[in-house]
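Right, one structure below, let's go through it.
What follows is calculated from the coordinates using simple rules that are stated; it is not laboratory data. Just so we're clear, the structure is a prediction, and the values are computed from it rather than from any experiment. Here Cβ is always computed from backbone atoms with ideal geometry, including for glycine, and neighbour counts include all displayed protein chains.
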Ligand code: MLT
């Protein structure tokens, strides 16, 4: 007899984006005439080609793999030094942060890392999660058995929910109970909000006072336009003692289909065993990665390193400018249509209040049917996401302009 992990049964049937895909398929089958004009602003998937510097690095690394003298087999488990050193220099030292190359562990995705980190963390941890939230943080805790069942509202027993609303500018208040693990993501997916240094400092103080760990997702840091917004939790004094950071090449350099990311685990960061002894998490994460992963491929790590060349940096900046130009067009169109709009200024996501408090899946269907545009319903990101929808700015300029036109033409 074989048994399943019954914790999976607690999850809602589908992950958000497959459910959107199902509804979109239904729509295109029922409306073949409109299918050709469908524009996707749902999942935050990049649309523009990889930067030229990345393509050149990929080509040359592939050539190396075709020559016995320069061929490479297994990559070093935690990543090639050339990439880890480039990350440490450009993403951390250049902004005054003290992160060494060997604290950076290269992977194939921030989604996988933010899910897999639970392997090294105890099941007795109390988990704090923002609401709305990138669904991966919550679903992976449910899968790991860290929660009870969901109630009728969809809230899982045992989770400390941190509501993010327009009243707190989508940055959660510090809870009045202790949490052991806190998931924070800024610039935020899905709300597009940013957290200031003072706001993050309050979380670092709370984490240090409670012996908790902040799991900080900074996948969208490259989209920050305001000079004084922090790009990393490690810009905050004391964060090395209480935080792990996830970063990705997906959204800045267009690697969603190419796959490269990294996680920063400071060497001094510890958590306790049941007897109260401290253990370094860097060693545990290294052990986990070495056991379950054989490394991101050499050509992909070379491609990621090319992001940090002078040409690569300029090309990435152009990509960010392109998507943030789209975000501006979409924000303005939604505002002109009389909608209440958040985000979109330091992040590629625009978070919009549904008109008259309409349910977000109703608005999803309305926008799909009337404008042939795919958005993401806020309810898919959690209970507090109800009453909102998300528009992704990842698109061509022509599509962003067309979506703006269609939003303007709709009867909201
Ligand atoms: C999103 O649309 O929320 C993101 O694309 C999901 C992801 O990065 O995995």
Rounded if a/c is under 1.5, else prolate if a/b is larger than b/c, else oblate: which is segment 237-365, with a ≥ b ≥ c the root eigenvalues of its Cα gyration tensor?
oblate
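When a/c is below 1.5 the answer is rounded, else prolate if a/b is larger than b/c, else oblate, so apply that to segment 1-133 with a ≥ b ≥ c taken from the square roots of the Cα gyration tensor eigenvalues.
It is oblate, given that a/c is not under 1.5 and a/b is not larger than b/c.
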The chain: most fluctuating residue of 36, 219, 253 per GNM, C-alpha cutoff 10 Å
36
One can check that the equivalent ellipsoid of the chain, built from the alpha-carbon gyration tensor with semi-axes equal to the square roots of five times its eigenvalues, has lengths in Å, largest first, of 33, 28, 21
Determine the gain in length on full extension of the stretch residue 2-residue 225; use 0.36 nm per residue of separation and subtract their C-alpha separation, reporting nm with one decimal.
75.0 nm
How much length, in nm to one decimal, is gained on full extension between residue 31 and residue 358, taken as 0.36 nm per residue of separation minus their Cα-Cα distance?
115.3 nm
Below 8 Å, C-alpha to C-alpha, sequence gap of six or more: please give me the relative contact order for the chain in percent.
23
In whole Å, largest first, what are the principal axis extents of the Cα atoms in segment 325-383?
27, 25, 20
Taking every DSSP beta bridge that has both residues in the chain, what percent is antiparallel when rounded to the nearest 5?
55
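Rounded if a/c is under 1.5, else prolate if a/b is larger than b/c, else oblate: which is segment 86-198, with a ≥ b ≥ c the root eigenvalues of its Cα gyration tensor? Working shown, then result.
Working: a/c = 2.12, a/b = 1.39, b/c = 1.52.
In terms of gyration-tensor shape, oblate.
From Cα pairs below 8 angstrom and at least 6 apart in sequence, can you work out the relative contact order of segment 2-118, rounded to a whole percent?
Computed over segment 2-118, the figure is 13 percent.
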Any idea how far apart residue 208 and residue 49 come out in nm if each label point goes 7 Å out from Cα toward Cβ?
4.9
Taking the chain as a Gaussian network, Cα atoms linked when under 10 Å apart, which of 323, 161, 349 shows the biggest mean-square fluctuation?
161
Counting only DSSP beta bridges with both residues in segment 136-262, tell me the antiparallel percent, nearest 5.
25
Extension length gain for residue 311 and residue 399 (0.36 nm per residue less Cα distance), in nm, is 29.0 nm
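Hey, with R₀ at 30 Å, roughly what FRET efficiency would residue 124 and residue 196 work out to, going by the Cβ-Cβ distance, to 0.05?
That gives a FRET efficiency of 0.40.
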So what is the relative contact order for segment 236-363, in percent, with contacts set as C-alpha pairs under 8 Å and at least six apart?
14
Taking 1 over the mean of 1/r across every pair of different Cα atoms in segment 269-328, what Kirkwood radius in Å do you get?
15.3
